[in-house]
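The values are calculated or read from the model by the stated rules, or taken from the named source; none is laboratory data. Worth saying up front: this structure is predicted, and the values here are computed from it rather than measured. A quick note on method: Cβ atoms are made from the backbone with ideal geometry, for glycine too, and the neighbour counts reach across all protein chains shown.
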Amino acid sequence: MILVALLEVNDLSTHYFLKESRVRAVDNVSFTVERGKMLGLAGESGCGKTTVALSIIRMLPPAGKIITGEILLDNIDLLKKSKEEMRKTRWLDVSYVFQYAMNAFNPVMNVGEQITEVIIEKGGIKSRSIKKEAWKQVRELFEIVGLDPERVKNYPHEFSGGMKQRAIIAMAMACNPKLLIADEPVTALDVIVEKKILNLLKKLQKDFNLGVIFITHDLSVIAESCEEVGIMYAGKLVEVGSATTIFHNGAHPYTKMLIKAFPSILGEKTYIEPLEGIPPDLANPPTGCRFHPRCPLAIDECKKKVPFFKQYSSSRHLVACYRAGEKII
Amino acid sequence: MGFRRYIIRRAIDSIILLMITVIFNFILFRVMPGDPTTAILGRSGSPVYNPGEYRTRLIERFGLNKAILPFIDKDFQITPDLNTLIDNQFVVYIQKLLVGDLGISFNYFPQEVSYLIFGHRLLNTILLMGLSIVLSFLIAILLGTLASSKFKSKTDMTLIFTTLTSYSTPVFWIGMLIVFFCYGQLGILPYGGSPRIEEYSDLSSWGLDYLYHMIGPLVTLTISFVGAWFLIARDQMLGVFTEDYITTARAKGLKERRVMFVHARKNAMLPMISVLALAMTYLVSGATMTETVFNWNGLGLLTYESVYRQDYPVLQGLLLLVAAVAIISNFIADLIYGLLDPRIRY
Amino acid sequence: MTLEFDIDVIIMTTSTQIETISEYLVPTRYLRYKIRFKRFWGLYTDSPFGLIGLYLVIFFLVIGITPQILAPYDPNISMTGGRNAAPSTAHPLGTDRIGRDIFSQMIAGTQISLLIGLTAAFIAVIIGTLFGIVAGYYGGWSDTILMRLTDFFIQLPQLPLMLVFVALFGPGVENLIIIIGLLGWTGTSRMVRAESLSIKERAFVEATRAVGASNRHIILDHILPNVLPLVFANMILGVVNAIISESALSFLGFGVTGQWSWGRVLYEARREDAMITGAWWHFIPPGICIMLVALGFALISFSLNEVLNPRLRER
Ligand SMILES: Nc1ncnc2c1ncn2[C@@H]1O[C@H](COP(=O)(O)OP(=O)(O)OP(=O)(O)O)[C@@H](O)[C@H]1O
Ligand code: SF4
Ligand SMILES: [Mg+2]
C-alpha cells in the first residue's frame, strides 16, 4: 500500500520583490512531512525558514511571491486553492505558531474568546449551543496543555510567557489540525519552561497523530524531539534525513559544521567551533553551490553548477553537495 | 479590583489638577501690574459708563482691598498679619466660585459673567462644534482606514497631500474663501450670524434658518479638523495592521471582516479616544477664528470680544470653564480606556 | 562586498539598529556618515513630498531674506495710483484702502511670518526637549509631575490661551514669539520622553554607566544625538503651527503693530470687507502664501517622519 505523505513540498521557490532587488529567500526546496512525525527545520538566521513556513499557509508579506512549486497537503495542492478556500483551510488543516508568538493574542480580548472564535468560525454554523460547546472545548484544551481551565477568561497580559505559549498551543490545537507549523516556539522562553513546552508539543504530536514542522536555529532542540531533520542554507535545503542519520552521518559540509557548533548534541566534550563568515546576501546569491564561499571543501565545479539534491545513504536521506560525506580537514 | 483603584487614582489626579488650575487662574489675573481695579479701569477706551460705581462694586464683591493670599498683602508684599490667613482674596474667590459666581463683565456691565457664558452662546458653540467634531471624526476614521488599507497607493498619497494641505491652511482663511464664493459671488449662503430663537415665530423656521447659517462655519471647521485628524487615524490603523495578533487572526482563517472590525478596530480606536477627548475642549472653547469670520455668536466670539475689550472677568471665567472641561474629559477618556483596554487596569 | 551587505540589512531594520550595524562594518567615520546620509536621502526622496516641501520652503526663505530687493515699493506709503485699485502692471496685487501696494506688503510680510514661525518653534522644541529628557531620564517624581503637566497642556486649546496671554501682556514680536513658543512644547516633550526612556534602557548606556560615566555625559553623548532627528522633525511641524498661530493672532488684530505679516494683510482685507466687495487680490494671495509655506514645512515633516518612524519603516 502506498501511503501519501501528509505534506509534500515540491520544488518550492519564494522570492521577495523589493524596489531594486529580488531576494531569493527560498529556492527549489522539496521535502515531505509524515503523519505523526516531527520535521525539524534548522539553519542560520535569514536562511529562509520562516519564508518556507509562510509559503505553506500562503501568508507571505506583500513583497513575497511564490514563483514555482507545489505544496500538497493530503495530495491537494494548496497553491491551486482560491483565496477563500485557503482561508477555510487555515487552522482547520494547518495551524501555525508564529515566531514572535508572545504577541499573538489580541491584548483587548480575553484568551478564551480568541480560541472560541476560531472554533465557531471553523464549525460553520453559529448558534448559542455551539458557542457553549466551544467554551467547553476551550476548557478541555486548557486542561490538555496544562493550564487551569478556570483561567479561560483571563486576558493575555495576565499570563506569564510560558503560560501564554501553552495557550497559543491550545489555540493551535483548537480545530484538530493535521499539520502544525511552529516557528521558533521556544526561543523567547527560559530553559526550564522551554523543556516543558517541548515535551508538551511532543506529547500532543503523538496523541493526536499530528504532523509538525518545527523551526529553530537551535540544533540541540531538534536532536531532542524531531524524527526528521532538514538543514537550510541561504534559501536552499541542503540536506534532509532522519535525525539519527543527520546527527551521526551528516554528509553536507554545512551540516557537519553546524553540528560542531553545537557540541552538546552528541554528548561529547569538544571545542565549540563557531561558523566562520556570514551568510550571503540573498538578493545576490553566489553562483553554483551557495555555500562555496564558506566551504572548506569547495572545488571549481561548486562555483559553476548548482549541485543536485539527491539520495545519499538511503532513500530518505538527501544531500545537495558534490563532495557529500567527505571529511573536513 | 484593579480597575477601581486605577479610576480612583485618576480621579484624585484630576481633582488635584483642577485645584491647581483654579489657583493658577486666580494668580494669572492678579499678576498684572498694579491694583486689578485700576488695571482694568485705567485702560483707555473703557466702555464702562460709570467707572466709579463699577470699581466700588468690584472691590466690595471680590474683597480687592484685602490681602491676596495668606501672608501676602494686596501689593504682593509679605506680611506677618495673622488675619490674612482666612481673610484674603483667594478665600473670597473660592467662596464665590463655589456658588457659581464668576463676577461681573466689564464690557457688558452690569451683566454677570456666568450669565454671559452659560446662555445662548454656550448653546451655539456646543451645537456648531459638536456637529463638526462628530462629522470630522467619522470622515477622518473612514479616510484613515481607506488610506492605510491601500498603503502607499495613489489613493493614499492623494489623501495625504490633500489633508496636509488643509492642515496647513489657516482655518479663518477657509472661512473667508467660503464667504467670498458662497456669499459674495454666488449668493447661496448667508453672510454670517447665528439666528436667535426669540426672533422667530415657530421652532421649525428657526431651526431651518439656524442650520442654513451653520453650513459655512460647519464646512470650514470640518475641513480643518479632518486635516488635523486624518494622519493620526491613518497612523493608528497602520500600526495595528502590522501587529502580530492581526497576523495571527488572519492565519486563523477568520473572515477579513472580523479581522478588521473586531481585532483591528478595537485597538485602533483606543488612541482615537484621546483625540476625541482633546476635541471635547473645543466644545466649550469654541472656534474663535471661525466664529469671528462668520459672526457666529458663540463662546469663541465672546473670547475674541473679551480680549479686544480687555474684559478680564469674562476671560477668567472662560479659561476656567475650558480647563475644567479639559480635565473632566481627560478623566472620562481614561475611564473609557480602562474599560476597553484590560492592560491598563493595574 | 561588506558594504553592500550592510546597506541591504539596513532596508530591513529600524534606524537605530542600522547605526549599530554600520558602525561595526564600515571602517571610517566619514564613510559611515556618507552612507547614512545617502540612505537617509534615499528614503526621504522615496515619495515626491519631501522634495516639494524643500523647494517651497527654500523659495519663501529666499524671499524672506531679500525683501528690500524684491518689494517694488515701500509697503507703508500711499501710492498715487489710487485707492482700492485692482491688480495692474504697476501694482500686481492692487492697492488697499489708503493706496498702499499690496504686493510689497506681502513681500515684507514674508520675513516676519517666517521669523516668528521659526523662532517660536525653536523655543517650543527647546522647552519640550528639556522637559522630555528630564522626565524620561531621571524618572520618578519629576516624570510624574512633568507628564501630568504635559497632559494638561495638551488638553488646553491653544488659541484661546494665546489670546488671553496677548490680552494680559500685549502684542509685539517678542511677546508673540514667547506666547506661541511657550504653548507649543507638549508634543516634543512627550516624544523625547518616550525616546530617552528607551535609550536609557539600551545596553550601551548601561555599559557607559558601568564604567562610571556621569549623567551629563550620558545625556549629551547618547540621548541627545539619538533624539535630535526626531526633535528636528517635531520642530518642523512646530513651524507649521507657529506660522498659522501668528497669522491667526494677526488676523484678529492682535499681531505685531507697525510691521507687515501675511496675517496682517488678511486683517486689513477683512476690515475692508474684501470678501464682499470682491477684492480677491487682497485676501487670496496672502492666504495662499501661508498655506504654501506651512504646507512646505508639513511635507518636510511628513517625509522626515516616514524615515524616522520605525513603525512605518517596518513595512
Ligand atoms: N518582507 C520581506 N521583504 C523582503 N525580504 C524579506 C522579507 N522577509 C524576509 N526577507 C528576506 O528573506 C530572507 C529569509 O528570511 P526568513 O525570515 O525566511 O529567514 P529565517 O530563516 O526565518 O530567519 P530567522 O531565523 O532570523 O527567523 C532573508 O534574507 C530576509 O532578508
Ligand atoms: S557543493 Fe561544493 S561548495 Fe557546496 S557544500 Fe559541497 S563541496 Fe562545499
Ligand atoms: Mg524566521
Residues of segment A:181-224 satisfying the condition of being within 16 Å of ligand 1 (Cβ to nearest atom), small (Gly, Ala, Ser) and out of contact with any strand residue (DSSP E or B) (no Cβ under 6 Å at 6 or more places or on another chain)
A:Ala188, A:Ser220
Does any residue of segment C:145-158 turn out to be of a type in the set (Val, Ile, Thr), farther than 30 Å from B:Ser306 by Cα and without any contact (Cβ under 8 Å) to a residue 12 or more places away in the chain?
yes
Would you call A:Leu282 within 16 Å of ligand 1 (Cβ to nearest atom), modelled with pLDDT under 90, away from chain C (no Cβ under 14 Å) and over 30 Å from A:Gly36 (Cα atoms)?
no
Going by the conditions given, is B:Thr248 within 14 Å of chain A (Cβ to nearest Cβ) and modelled with pLDDT of 90 or more?
yes
For segment A:34-73, name all the residues that are exposed (fewer than 14 other Cβ atoms within 10 Å of the Cβ) and under 24 Å from B:Lys255 (Cβ atoms).
A:Pro61, A:Pro62
Any idea which residue in segment A:225-246 is farthest from ligand 1 (Cβ to nearest atom), counting only those that are surrounded by fewer than 19 Cβ atoms within 10 Å (Cβ to Cβ), at pLDDT 90 or above and outside any loop (DSSP other than H, G, I, E, B)?
A:Thr244
Residues B:Thr158, B:Thr125, B:Thr145: which one is free of Cβ contacts under 8 Å to residues at least 24 places away in the same chain and assigned to a helix (DSSP H, G or I)?
B:Thr158
So which residues in segment A:97-120 are facing chain B (nearest Cβ under 9 Å) and in a helix (DSSP H, G or I)?
A:Ala101, A:Met102, A:Asn103, A:Gln114, A:Glu117, A:Val118
Subset of segment B:296-332 [small (Gly, Ala, Ser) and within 15 Å of the chain's Cα centre (by Cα)]:
B:Gly298, B:Gly300, B:Gly317, B:Ala323, B:Ala324, B:Ala326, B:Ser329
Positions within segment C:246-257 being surrounded by fewer than 24 Cβ atoms within 10 Å (Cβ to Cβ) and more than 9 Å from chain B (Cβ to nearest Cβ), in sequence order
C:Val256, C:Thr257
Any idea how many residues of segment A:79-96 are in a loop (DSSP other than H, G, I, E, B) and either under 19 Å from the mean Cα position of the chain (by Cα) or at the interface with chain B (Cβ under 10 Å from one of its Cβ atoms) (or both)?
3
Output the residues belonging to segment A:43-65 that are touching a residue at least 60 places away in the same chain (Cβ under 8 Å) and either within 16 Å of ligand 2 (Cβ to nearest atom) or within 14 Å of chain B (Cβ to nearest Cβ) (or both).
A:Gly43, A:Glu44, A:Cys47, A:Thr50, A:Ala53, A:Ile56, A:Ile57
Going through segment A:145-173 one residue at a time, which ones are buried (at least 18 other Cβ atoms within 10 Å of the Cβ), more than 14 Å from chain B (Cβ to nearest Cβ) and touching a residue at least 24 places away in the same chain (Cβ under 8 Å)?
A:Val145, A:Val152, A:Gly162, A:Arg166
Out of segment A:308-329, which residues are part of a loop (DSSP other than H, G, I, E, B) and within 24 Å of A:Val33 (Cβ to Cβ)?
A:Phe308, A:Phe309, A:Tyr312, A:Ser313, A:Ser314, A:Ser315, A:Arg316, A:His317, A:Ala320, A:Cys321, A:Ala324
Only unsatisfied item for C:Asn226, checking (1) at pLDDT 80 or above; (2) more than 13 Å from chain B (Cβ to nearest Cβ); (3) surrounded by fewer than 22 Cβ atoms within 10 Å (Cβ to Cβ); (4) under 21 Å from C:Ser301 (Cα atoms), is (1)
For segment B:128-174, how many residues are aromatic (Phe, Trp, Tyr) and buried (at least 19 other Cβ atoms within 10 Å of the Cβ)?
4
For segment A:55-73, indicate whether the set of residues that are more than 18 Å from the chain's Cα centre (by Cα) and more than 30 Å from B:Arg265 (Cα to Cα) is non-empty.
yes
Condition met for A:Thr14 (free of Cβ contacts under 8 Å to residues at least 60 places away in the same chain and more than 16 Å from ligand 1 (Cβ to nearest atom))
no
Boolean, A:Thr32 is within 14 Å of chain B (Cβ to nearest Cβ) and either hydroxyl-bearing (Ser, Thr, Tyr) or under 13 Å from the mean Cα position of the chain (by Cα) (or both)
no
